[in-house]
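Notes to accompany the following structure.
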Amino acid sequence: MMRLESVLLLLMVPGVFCLFAVPPPKSGQDQFELLLPAPVVVRTSPTEHESGAAAGGDGSWLSAVLAPPGVGVLVGSRMVLRLEEAGRLEELLAERPLTLARQVDAGTFILQAADARTALNQAQDLARQSGVLASHPVMRHSARLHEPYHRQPNDSYFSELWHLENRESDGKPAGADLNARAAWPLTRGAGTLIAVADDGVEFTHPDLEASALDAPHFDFESNNTNGLPPASWSAHGTAVAGLIAATMNNRRGTAGVAPEARVASWVIFGTNDLVDDEALMDMYQYRSNMVSVQNHSWGFGGVEQLGPSLLEEIGISNAVTSGRDGLGVVMVRSGGNSRTTDDFGGLARGNANNDGYVSDSRVIGVGAVRSDGRVSSYSNPGSTLLVAAPGGDVEPGARTLFTTDRIGSLGYNQNQSASDDLADYAFDETGFIGTSGAAPQVSAIAALILSVNPSLHYRDVQHILLLSARHFDLADPDVSTNAAGLRVSHNVGFGIPDAGRAVRLAEAWTKRPPATRVTYSSDEVKMVPEDAMRVHVSGSGLPSGLTNLVSRPPVRGPRADVATAGLALVDLGLASEPVAMDLTGRAALIQRGENFFQEKIGHAASAGASFAIIYNNTGQTELVPMDISEFTPIPAVFIGQTDGEALQQRLLDGLPTWAGLHLEAARYTFEVTETLL
């Protein structure tokens with residue numbers, strides 16, 4: 001067992017100098033300091049994971065935890081070195097057990113060590129040297145595919161592709177769709193290539209053979225050109241590919257949104273889960289002058305705020321700045337399926353803003369909607385979502401996506417015999433559901449756009465998608481109209497694209513000028529207030545302790561980010577039934593209990609109340625998170641039992657009382673004079 005003495009480590013990144021004191025390891029455990037291009041400390045356990053040649057050296061990986069934010073990674077025997085002066089490389093490597101494996105760009109190098117421990121030690125030693133901007137081992141992040149949602153309904157065989165055209169038998173619109181048939185007279189995606197970065201595509205499938213023929217497939221884990229699924233359980237990529245480009249008019253199965261586009265299978269999820277960040281860098285920039293669109297139906301599964309590593313950032317940057325001969329590869333990514341997950345204690349729900357891949361302005365983040373146009377129950381919200389697309393849902397009576405599946409008994413559909421064609425498709429209870437299904441449909445519309453106008457910049461494609469989008473759920477209180485006159489929400493972005501309109505916009509599109517970026521800063525220091533959401537109360541004889549009440553906004557739903565007026569407070573009791581009185585211009589005081597928050601707030605809103613204050617029926621000062629309230633039309637807050645009962649008693653005593661909602665936020669104001677394009 002190794003013994004390390006307490007040392008001081010200097011982490012050097014541009015503009016950041018962090019000194020860490022490293023204690024000696026506890027008895028029986030090795031600990032190492034991993035120097036990353038960010039002010040964080042990583043401690044690794046002595047556990048080694050065998051992962052074959054992909055790790056390099058002896059093939060072992062060390063488990064590590066980024067602290068903060070406490071996210072697990074694996075570190076290997078290759079390391080990343082970025083220098084201010086590239087010419088110093090030879091000097092720094094003199095007499096070190098490192099060899100140059102590759103040069104990434106002018107100042108960034110990947111070095112090979114004998115094993116992961118050597119890479120760790122050399123990385124932290126090199127980080128102490130002057131002129132070193134970053135020094136850390138190559139990492140393999142923990143990530144997961146945004147898996148589809150499955151349900152087992154009792155409804156009949158699903159044979160209509162509602163996501164392409166959702167109409168009643170008389171032709172009237174029945175809900176959300178992509179209006180694909182309006183685009184197909186002009187283009188079906190011919191001349192475009194879409195890379196599906198996933199767990200492999202079974203391109204021997206009869207509905208995928210044509211689109212996958214002679215495409216640049218690649219397995220980034222095994223480092224070969226075999227893009228087939230690496231394991232029997234790898235079915236995700238095949239379903240994604242079918243939504244994009246399943247063959248049309250072949251008398252079987254399904255049809256993709258862009259049925260004449262070509263599909264390349266890029267395997268990044270294999271026997272070792274997600275490949276390391278060096279392989280991801282290579283993936284992002286692979287064949288970037290051939291690939292029109294990249295589809296990424298995967299991302300981080302937790303609630304930590306994480307983004308691409310240095311190597312991944314280099315790969316993404318190369319793809320969007322140099323790909324397609326400088327026009328940029330169009331990147332599409334699913335927004336995630338953890339909207340209602342209880343894995344994080346019911347409070348830290350999934351949000352697309354936390355995923356640095358989705359929140360990258362160069363990437364098209366995609367949410368999911370059900371067949372009626374409302375955001376799907378699982379789809380992550382976020383200001384970073386550009387658009388949404390049909391993804392189905394798990395709720396009773398909801399519909400799934402019909403798409404290609406692994407051939408025979410493999411894949412999601414294992415309910416049909418191998419001799420039955422339907423065994424090769426996922427539908428009904430085995431159907432594909434999730435933002436993983438929504439993203440490839442947007443990727444396919446991007447391909448349709450580029451098919452009619454290949455000279456478009458990736459930003460032009462983004463503009464066309466949002467300008468062609470529509471909102472089907474105008475009852476969603478999160479939908480608002482921005483200064484440009486466009487409807488937008490955190491649930492579905494600018495809405496669901498209309499493929500027909502998108503293609504027609506692309507035909508006559510005037511290219512946008514280069515993006516303009518400006519930066520503003522402030523030296524003013526402000527404290528971010530705790531318990532910032534408050535209820536301001538006024539009235540005669542009001543005790544001082546009842547004038548400014550701590551409150552909690554709903555987990556999701558309308559919030560009073562702008563202070564409301566002080567309105568007369570009306571006691572509605574439990575609000576378990578519809579309210580007969582007119583509450584226009586007033587606020588509702590409601591007790592917790594008997595029915596859901598959404599019902600209580602809904603009854604108050606239907607009577608005309610401007611907002612609702614719900615107080616606890618137990619716990620005195622305990623504040624309960626209000627869930628199942630996101631589609632209520634008015635804001636609401638939750639206050640403690642003691643405060644709520646005091647307000648109720650005033651109203652019972654006939655003492656007029658006024659209340660308003662106020663967010664005590666730390667605000668900075670900037671006057672932007674530049675014109676942003």
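Go through segment 306-331 and report how many residues are open to solvent by less than 10 Å² (accessible area, probe 1.4 Å) and either farther than 22 Å from Val442 by Cβ or not acidic (Asp, Glu) (or both). Qualifying residue count for the region: 10. With respect to the conditions (1) under 22 Å from Ser443 (Cβ atoms); (2) modelled with pLDDT of 85 or more; (3) crowded, with 23+ Cβ neighbours inside 10 Å; (4) of a type outside the set (Lys, Arg), Pro148 lacks only one, and its number is (2).
Quick check on this structure: which one of Ile634, Ile639, Ile613, Ile601 is touching a helix residue (DSSP H, G or I) at 6+ places or on another chain (Cβ under 6 Å), surrounded by 15 or more Cβ atoms within 10 Å (Cβ to Cβ) and of a type outside the set (Gly, Ala, Ser)? Can you show your working first?
Values: Ile639 fails: touching a helix residue (DSSP H, G or I) at 6+ places or on another chain (Cβ under 6 Å); Ile613 fails: touching a helix residue (DSSP H, G or I) at 6+ places or on another chain (Cβ under 6 Å); Ile601 fails: touching a helix residue (DSSP H, G or I) at 6+ places or on another chain (Cβ under 6 Å).
One residue alone meets the criteria, Ile634.
Confirm whether Val624 is farther than 24 Å from Leu546 by Cβ and part of a loop (DSSP other than H, G, I, E, B). Answer is no for this residue.
Residues are listed down the side, and each one gets a yes or a no for (1) in contact (Cβ under 8 Å) with a residue 60 or more places away in the chain; (2) more than 30 Å from Arg349 (Cα to Cα); (3) in a strand (DSSP E or B); (4) out of contact with any strand residue (DSSP E or B) (no Cβ under 7 Å at 6 or more places or on another chain):
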{"position": "Leu583", "(1), (2), (3), (4)": "no, yes, no, no"}
{"position": "Ile601", "(1), (2), (3), (4)": "no, no, no, no"}
{"position": "Glu630", "(1), (2), (3), (4)": "yes, no, no, yes"}
{"position": "Gly654", "(1), (2), (3), (4)": "no, yes, no, yes"}
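Within segment 382-397, the set of residues being in contact (Cβ under 8 Å) with a residue 60 or more places away in the chain and open to solvent by less than 10 Å² (accessible area, probe 1.4 Å) comprises Gly382, Leu385, Val387, Ala388, Ala389, Pro390, Gly392, Asp393. Scanning segment 518-549 for residues that are open to solvent by 50 Å² or more (accessible area, probe 1.4 Å) and assigned to a strand (DSSP E or B), we see that the one that is nearest to Leu164 (Cα to Cα) is His536.
Residue-wise test of (1) touching a strand residue (DSSP E or B) at 6+ places or on another chain (Cβ under 9 Å); (2) modelled with pLDDT of 95 or more; (3) not polar (S, T, N, Q).
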| site | (1), (2), (3) |
| --- | --- |
| Val488 | yes, yes, yes |
| Ile496 | yes, yes, yes |
| Glu507 | no, yes, yes |
| Asn548 | yes, yes, no |
| Ala587 | yes, yes, yes |
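In segment 527-545, what residues are among the hydrophobic types (A, V, I, L, M, F, W, C) and farther than 25 Å from Ala605 by Cβ? I'd like the intermediate steps shown before the answer.
At the first step, the residues of segment 527-545 found to be among the hydrophobic types (A, V, I, L, M, F, W, C) are 527-528, 532-533, 535, 537, 542.
Listed by number, the residues that qualify are Met527, Val528, Leu542.
Of all the helices (runs of 4 or more DSSP H) wholly in segment 427-517, which have at least 3 residues that are crowded, with 21+ Cβ neighbours inside 10 Å and within 18 Å of the chain's Cα centre (by Cα)? Let's see the steps before the verdict.
On the way: elements: 435-452, 458-467, 499-507.
Output list reads 435-452.
The residues in segment 83-97 that are open to solvent by 70 Å² or more (accessible area, probe 1.4 Å), farther than 15 Å from Asp125 by Cβ and not acidic (Asp, Glu) can be counted, and the count is 1. For segment 243-286, a residue qualifies if it is assigned to a loop (DSSP other than H, G, I, E, B), modelled with pLDDT of 95 or more, open to solvent by 10 Å² or more (accessible area, probe 1.4 Å) and closer than 28 Å to Asp424 by Cβ, and exactly one does: Glu260. Failed condition for Met290, given (1) of a type outside the set (Asp, Glu); (2) open to solvent by less than 30 Å² (accessible area, probe 1.4 Å); (3) not in a strand (DSSP E or B), with all others met? Every listed condition holds for Met290 apart from (2). Going through (1) within 27 Å of the chain's Cα centre (by Cα); (2) open to solvent by 10 Å² or more (accessible area, probe 1.4 Å); (3) at pLDDT 95 or above one by one, Gly200 falls short only on (2).
Considering only residues of segment 646-673 that are charged (D, E, K, R) and open to solvent by 80 Å² or more (accessible area, probe 1.4 Å), which is nearest to Tyr378 (Cα to Cα)? Talk me through it step by step, then tell me what you get.
Going residue by residue through segment 646-673, those that are charged (D, E, K, R) are 650, 653, 664, 667, 671.
Retained after the next criterion (residues that are open to solvent by 80 Å² or more (accessible area, probe 1.4 Å)): 653, 667, 671.
Details: Asp653: 45, Arg667: 32, Glu671: 38 Å.
So, considering only residues that are charged (D, E, K, R) and open to solvent by 80 Å² or more (accessible area, probe 1.4 Å), the one nearest to Tyr378 (Cα to Cα) is Arg667.
When Ser297 is tested against the conditions (1) polar (S, T, N, Q); (2) open to solvent by 10 Å² or more (accessible area, probe 1.4 Å); (3) modelled with pLDDT of 95 or more; (4) touching a helix residue (DSSP H, G or I) at 6+ places or on another chain (Cβ under 9 Å), the lone failure is (2).
The values are calculated or read from the model by the stated rules, or taken from the named source; none is laboratory data. What you see is a predicted model, and the numbers here were worked out from it, not measured in a lab. Please note: Cβ atoms are built from the backbone with ideal geometry, for glycine as well, and neighbour counts cover all protein chains shown. We work out accessible area using only protein heavy atoms, side chains counted, and drop any ligands, DNA or RNA first. Shrake-Rupley method; radii C 1.70, N 1.55, O 1.52, S 1.80 Å.
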